[in-house]
Amino acid sequence: MLLLYPKGLSERVRLGPDFMHRRHVQIALRRVVWQVSRLAPGGRWSLLGATMAPGCTDLDYVGGGRAEMAAR
């Protein structure tokens, strides 16, 4: 998972149950962090979800387009 922070910072996080190899089952993020994910080489499927608290409305959501995320 690639995390895109404000001011151009970014971070890669590996998700999965293998704690010995620095994988994370879940992560908590602050607002205004965009998330982009892809399967690791050899991966066949994934199940991802996002929960927001407190709840949000459509006015709170800002999605990023593919071109904008690729540029960042």
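For the chain, the residue among L3, A53, V13 whose Cα projects farthest onto the positive side of the dipole built from Cβ charges is V13. In the chain, the DSSP-assigned H stretches of four residues or longer account for a calculated mean residue ellipticity at 222 nm of -2000 deg cm²/dmol, using -39500 (n - 2.57) per stretch and the full residue count as denominator.
Would you indicate which of (1) 67; (2) 59; (3) 74 is the value of percent of Cα pairs over 14 Å apart derived from the coordinates of this structure? Comparing each candidate, only (1) matches the computed number.
The value of relative contact order for region 6-72, using C-alpha pairs under 8 Å at least six residues apart, is 21 percent.
Given +1 at the Cβ of Lys and Arg, -1 at the Cβ of Asp and Glu and no other charges, the dipole of the chain around its Cα centre is 300 debye to the nearest 20. Other residues whose C-beta falls under 14 angstrom from the C-beta of Y5 contribute a net charge of +4, scoring Lys and Arg +1 and Asp and Glu -1.
Read-outs throughout are calculated quantities, based only on the coordinates presented, and are distinct from any laboratory measurement. All values derive from a computational prediction rather than experimental measurement. Neighbour counts run over all protein chains shown; Cβ positions are idealised from the backbone, glycine included.
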